[in-house]
Amino acid sequence: MFKSWLNLFLQSDCPLCQRSTPSTLCEYCIKQLQTCRLQNPSYLWQQPLPVFAWGMYGGSLKRAIATMKYDNQPAIAQILGQFLGEAWLLSSPSPQQQVTVVPIPIHPHKLKERGFNQAELIAVSFCATTGLKLKVNGLERRKATKAQFGLSASARQENLADAFALGADFHRRHPNTPVLLVDDIYTSGATAKSAISTLQHSKIAVLGLAAVASAHQVAGKK
């Protein structure tokens with residue numbers, strides 16, 4: 001009886017549906033998120049920007065990412081990072097490749113405003129799941145860019161020009177394995193390309209980008 005009372009006391013509301021749950025997200029919302037999972041997470045793994053994505057950006061996954069970022073729910077990042085890590089272990093396009101994981105950084109002003117970098121939290125969980133090496137400060141964002149939404153391709157590129165620089169982790173010593181960037185959403189690729197350019201300018205090899213969600217349609221689906 002006491003245990004039942006304690007479990008009830010420890011439950012909170014799911015941030016996505018407000019159902020009572022002892023976990024970060026309720027079982028129903030976890031199942032809804034799983035419907036967004038891609039059967040082939042490597043469908044965009046090709047040059048010049050190889051992308052590995054756990055799910056399609058829409059529905060429950062889009063809502064979960066927005067809730068995480070804008071409703072102060074950083075714990076959702078642990079779940080999304082675990083999903084991404086499990087997919088990497090099962091379907092990695094480079095299963096034998098040792099990599100150094102680097103999250104896409106956000107500008108210090110945005111970090112202060114939001115309180116956390118969602119890409120960093122996802123990367124921490126991703127590495128806890130995969131066992132891959134993490135360098136949280138491999139890159140730093142030195143330019144406060146405008147929101148990319150609604151910008152043309154050329155405007156996106158100009159917006160992100162010189163946005164990144166090597167972070168403290170790579171100033172001291174460059175990684176001896178290729179870098180795998182991690183972010184929450186892959187859309188136009190402009191952000192990842194700018195980060196890759198910064199790394200490659202310092203002769204640091206980049207394997208690709210691992211993202212929780214891709215906004216690019218799978219071939220044959222509308």
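Table for the structure above
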| read-out | value |
| --- | --- |
| Leading residue by the ranking (nearest to residue 119 (Cα to Cα)) among those in segment 163-175 that are at pLDDT below 95 and open to solvent by 20 Å² or more (accessible area, probe 1.4 Å) | 171 |
| Residue match in segment 36-53 (condition: of a type in the set (Lys, Arg) and out of contact with any Gly (no Cβ under 9 Å at 6 or more places or on another chain)) | no |
| Matching residues in segment 82-115 - criterion: being under 25 Å from residue 162 (Cβ atoms) and open to solvent by 20 Å² or more (accessible area, probe 1.4 Å) | 106, 107, 108, 109, 110, 111, 112, 113, 114 |
| Subset of segment 204-222 (residues that are outside any loop (DSSP other than H, G, I, E, B) and either touching a residue at least 60 places away in the same chain (Cβ under 8 Å) or open to solvent by 40 Å² or more (accessible area, probe 1.4 Å) (or both)) | 207, 208, 209, 210, 211, 212, 213, 214 |
| Lone qualifier among 25, 49, 61, 44 - being more than 30 Å from residue 175 (Cα to Cα), open to solvent by less than 100 Å² (accessible area, probe 1.4 Å) and touching a residue at least 60 places away in the same chain (Cβ under 8 Å) | 61 |
| Condition broken by residue 140, with the remaining ones in (1) farther than 30 Å from residue 171 by Cα; (2) in contact with a Pro (Cβ under 7 Å, 6 or more places away or on another chain) satisfied | (1) |
| Search result, residues across segment 176-203 that are of a type in the set (S, T, N, Q), part of a helix (DSSP H, G or I) and open to solvent by 50 Å² or more (accessible area, probe 1.4 Å) | 197, 200 |
| Subset of segment 1-49 that is touching a strand residue (DSSP E or B) at 6+ places or on another chain (Cβ under 7 Å) and more than 20 Å from residue 80 (Cβ to Cβ) - its residue that is modelled with the highest pLDDT | 49 |
| Residue selected from segment 28-41 under the condition assigned to a helix (DSSP H, G or I) and of a type in the set (A, V, I, L, M), by the criterion surrounded by the fewest Cβ atoms within 10 Å (Cβ to Cβ) | 30 |
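The values are calculated or read from the model by the stated rules, or taken from the named source; none is laboratory data. The structure displayed is predicted, hence computed values, not measured ones. Cβ: placed from backbone, ideal geometry, glycine included. Neighbour counts: every protein chain shown. SASA here: full protein model, heavy atoms, side chains in, ligands and nucleic acids out. Shrake-Rupley method; radii C 1.70, N 1.55, O 1.52, S 1.80 Å.
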